[in-house]
Every structure is written in C-alpha cells, then in structure tokens.
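Structure first, commentary second.
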Amino acid sequence: MIERYSTPSMSEVWSEERKLAVWREVEILVVEAWVELGTAPPQAATAARSTPEVDPQEWKEREAVTHHDVAAFVDLLASSASASGEWIHFGLTSSDVLDTANGVLLAEAGQLLLTAVEELFSTVKARSLEFRDTIMIGRTHGIWAEPMSFGLKLASWAFEIQRDHERLKEAVAGVSVGKISGAVGTYAHTPPAVEAYVCDRLGLAVEPASTQVIPRDRHADFLSVLALIGSSIERFATEVRHLQRSEVGEVREAFRKGQKGSSAMPHKRNPIGTENLTGVSRLLRGYASAGLENVALWHERDISHSSVERVALPDATNLLHYALGRMNRIIENLIVDTDRMQRNLDDTRGLVSSQAVLLALVDSGVTRDEAYRIVQRNAMLTWDEGGTLLEHLTDDPDVTLDAETLTTCFTPERALRNTDIVFTRLQATHL
C-alpha cells in the first residue's frame, strides 16, 4: 500500500522484518515440539532459539538463487543454527510456515482494526447523544420526508458500527488459525502433536482439515467483512457529503487554518475527507472480490492465491485502518449548523407534517383515502403556488379539524416524542 493510505502500526505488521520474524518463530516452535516429543535432541531447540533474525536483504539475495522465498529463508536460518541446522523445517512444507505465520499476522492486523472500530463507535455514539434533540429534516429519495433529529441519524450509524464490530471479531477469529500438517495435509511426516504445540504457543486455533493450505474461504470472509465495513464508512461519508452541499449546508467537515479548498476558487470548502473515503471503500470491495476468487484452488493446493494475498491482505487492512481513523476524525470534528437545520425545516412550509395531518383526519372519522386526497391536494397547492400547508388546510372546507388539533400537527418536536427508546438502547450498548 502506498504511504498516503498506510498507517505506521498496520504497516509494521506487514513489514518484511515482522514477516520473517514470525516465520522464524514458527520454525523454532516446530523444533521445540520435536524435542518435546523426543525426536530431536535438546540442543536442537537451544540452537534454533539462538539463531539471529534473518536479514531481509540477505534473504532477497538468496531468493534470487532459489526462486523460492521460504526455501531461501530456510537455507539462511538453518545455516545459522550451527550443528543442529538439520532440524530446521524438519517434516514441514512451505505452507506450514506461510499459512501459520499469516494467521499470526492477520490476528495482529485484526486487533488493530477492532480497536479502530471501537474508537469510531465511541465517537459516533457520543455525538449522537449530543444531538439527540437537534431537529432536522429527514429525507427519502433526496426529498423532504419528515422531521427527525441529527442524533437519531448518528444513532443509526452507531448501531451499524456495532454490527461491523461483531462481524469483524468473528472474521478475525476465522483467520487466526494455523496448520502444521505437511504436504497435502496428511500429517504423514509431522504428527498432530507438533501442530498443537505450535498453534497453542502462537495463540492460534488449529485448522481442523487443511489440504496443503488453510482453506481460503476464511480469508475471503475476512476480506468481505473488511469491504462491508468500508461500505458502512461510505454510507456515512455519502451522507456527510450530501449534507455539506451548498444548497443544504447542515454539516461540514472541519476546515483548518491554511487549508485550501481549490487551487482556482478561494471560496471553496470541499468535503475532501468523505470523498476520499468513498473511493477507499471501492478499493476494499475490489479486494473482497479478489479474495473470493482465491477460494477455488487446484486439488490440494496451487499458488494462484499467493500473488493476490501478498497485495490484498496488507493493502486491505492498511486501507481500512486508515479509513477508520480518518472517519473518526471527521465525525469528531464535524461542524453541525443547527441554525441552518432549522431554517431548512422552516423552508418546507409545513409539507413535512403531511402524515401527521393525514392521521389526525383519519382519527377524526374521515376515511384514509379521503384524508389522503385532502392532504395531498393541499400539499400540491403548497408546492406549486407557495404559502404554507397549514394555511391551505385552514382554508379548505373539507378539513374538519379544530384549529388547535391542526396546529399541533405542525409541531416538529411531535416527531421526536418516541425517539428516546433509540437513545436508551444506544446508551446501553458498549463494545
């Protein structure tokens, strides 16, 4: 992943130094398991544990000869293990090392993502409660619908983030697995006790039936969940972008001192953060698609998945970690123009209270179809000729409601009378 969309902590997880360190740990644990089983002499474990970290540059130079990254690594590690080097990689196939190490790295990357999701949830929850009674227009199809609160909008986001967190926890557990079952997964040269020893010490679950690789449905699920979280972020970002439009102007991204919105137009304050995150979500969905393509491998293994994962797993986790952090900052610093929300609500001229009038008429004994016809007729008059819906309804002889009942229908707070249940649920929700 390019530096622009990387985070230091996630990049460290996927660094070559970290990868080689985990490969080394897997190899060492296998030797220790052989010693515990009485197969290898005790000094083999001591020698393996005493090996230095493999230098990435030396590894690359050796790979240029072997044309095999794990074989190059094993050559260097074994040569540094003194007289016990023959026990390095004993009974293993490359995927035992690669897939088990990948389980460790994915668990580490997953924990960073879970923490970032938790931070975003806390921010959205806090701002939802802050604006729980802030009246604004609810919109459907991009058109005025009914009054709601900005806090209620954010509450919807918070609960979606909670679901994302649950899905991510499950997906991280799904890829936090290892396998030391040898070629084609038969345990012919490495007994299950070795696998159990290694996975236990790495904090991984054991793949119950590997082929020569861990089945890639696990990784496809993981990437799909990352894409789904990205789609949640895109939903939030798209809403901010719509509400920041000049014609709406109800919220806007923070604009820092010295920032320039346009190289040509000095007045511009563009929603660049949320536009950026909309694009990032598209990439995440692309990586999910690549993960799904990796599920079907030939027989017990091929390496068609390998090139995909070398790019997709580091890039997708880096992208999402970046996106979660950026969205968190956007929401934390989001400028909410409550006065503009009220002015926009006033500009509806009461049209957003049409359902309240409809139900009041029905409650007074008018048939639903007739009530709908009366309110719609006056709403269309309001749209086309101006004035307010209340004025037109008051002048309509078919409207038999008394003045107080009719006026009450146009009280915006009426729309929020039952929303406390949502915020009670939200306050009780913790990640």
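Restricted to region 59-95, and to residues there that are among the acidic types (Asp, Glu) and either surrounded by 13 or more Cβ atoms within 10 Å (Cβ to Cβ) or in contact with a His (Cβ under 6 Å, 6 or more places away or on another chain) (or both), the residue that is farthest from Ser306 (Cα to Cα) is Asp75.
Report yes if some residue within region 244-264 is part of a loop (DSSP other than H, G, I, E, B) and on the phi > 0 side of the Ramachandran plot; otherwise report no.
yes
For His189, the conditions (1) touching a strand residue (DSSP E or B) at 6+ places or on another chain (Cβ under 9 Å); (2) surrounded by fewer than 17 Cβ atoms within 10 Å (Cβ to Cβ) are fulfilled apart from (1).
Within region 378-391, if we keep just the residues that are at negative phi and either exposed (fewer than 14 other Cβ atoms within 10 Å of the Cβ) or small (Gly, Ala, Ser) (or both), the residue that is farthest from the chain's Cα centre (by Cα) turns out to be Glu385.
Condition check: closer than 27 Å to Leu129 by Cβ, assigned to a helix (DSSP H, G or I) and either in contact with a Cys (Cβ under 8 Å, 6 or more places away or on another chain) or modelled with pLDDT of 95 or more (or both). Does Met380 satisfy that? Outline the logic, then answer.
Numbers: closer than 27 Å to Leu129 by Cβ: no; assigned to a helix (DSSP H, G or I): yes; either in contact with a Cys (Cβ under 8 Å, 6 or more places away or on another chain) or modelled with pLDDT of 95 or more (or both): yes.
So Met380 fails the test.
The residues of region 96-145 that are crowded, with 18+ Cβ neighbours inside 10 Å and hydroxyl-bearing (Ser, Thr, Tyr), listed by number, are Thr100, Thr123, Ser128, Thr134.
Among the candidates Ala312, Ala356, Ala316, Ala323, single out the residue that is of a type outside the set (Ser, Thr, Tyr), touching a His at 6+ places or on another chain (Cβ under 9 Å) and assigned to a helix (DSSP H, G or I).
Result: Ala312 is the single residue among Ala312, Ala356, Ala316, Ala323 that is of a type outside the set (Ser, Thr, Tyr), touching a His at 6+ places or on another chain (Cβ under 9 Å) and assigned to a helix (DSSP H, G or I).
Condition first: of a type in the set (Val, Ile, Thr) and within 24 Å of Leu345 (Cα to Cα). Can you find one or more residues in region 358-370 that meet it? Within region 358-370, none of the residues are of a type in the set (Val, Ile, Thr) and within 24 Å of Leu345 (Cα to Cα).
Per-residue answers, yes or no, for (1) within 30 Å of Ala155 (Cβ to Cβ); (2) surrounded by fewer than 17 Cβ atoms within 10 Å (Cβ to Cβ):
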position: Ala220; (1), (2): no, no
position: Ala237; (1), (2): yes, no
position: Arg252; (1), (2): yes, no
position: Arg310; (1), (2): no, yes
position: Pro314; (1), (2): no, no
position: Arg329; (1), (2): yes, yes
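Of the residues making up region 338-349, just one is surrounded by 16 or more Cβ atoms within 10 Å (Cβ to Cβ), among the charged types (D, E, K, R) and within 35 Å of the chain's Cα centre (by Cα), namely Arg340. Considering region 409-431, the residues that are at pLDDT below 95 and in a helix (DSSP H, G or I) include one that is surrounded by the fewest Cβ atoms within 10 Å (Cβ to Cβ), namely Glu413. Considering the conditions (1) within 30 Å of Ser6 (Cα to Cα); (2) touching a residue at least 60 places away in the same chain (Cβ under 8 Å); (3) not acidic (Asp, Glu), His430 is excluded by exactly one of them, (2). Checking Gly178, Gly182, Gly230, Gly203 one by one, the residue that is in the same structural domain as Glu275 (by TED's automatic domain parsing), touching a residue at least 12 places away in the same chain (Cβ under 8 Å), small (Gly, Ala, Ser) and touching a strand residue (DSSP E or B) at 6+ places or on another chain (Cβ under 8 Å) is Gly178 and no other.
So which residues in region 265-292 are among the charged types (D, E, K, R), assigned to a helix (DSSP H, G or I) and either touching a residue at least 60 places away in the same chain (Cβ under 8 Å) or surrounded by 14 or more Cβ atoms within 10 Å (Cβ to Cβ) (or both)?
Glu275, Arg285
The values are calculated or read from the model by the stated rules, or taken from the named source; none is laboratory data. From a predicted model like this one, the values you see are computed outputs, not experimental measurements. Because the Cβ atoms are built from the backbone with ideal geometry, glycine has one as well, and the counts that use them run over all protein chains shown.
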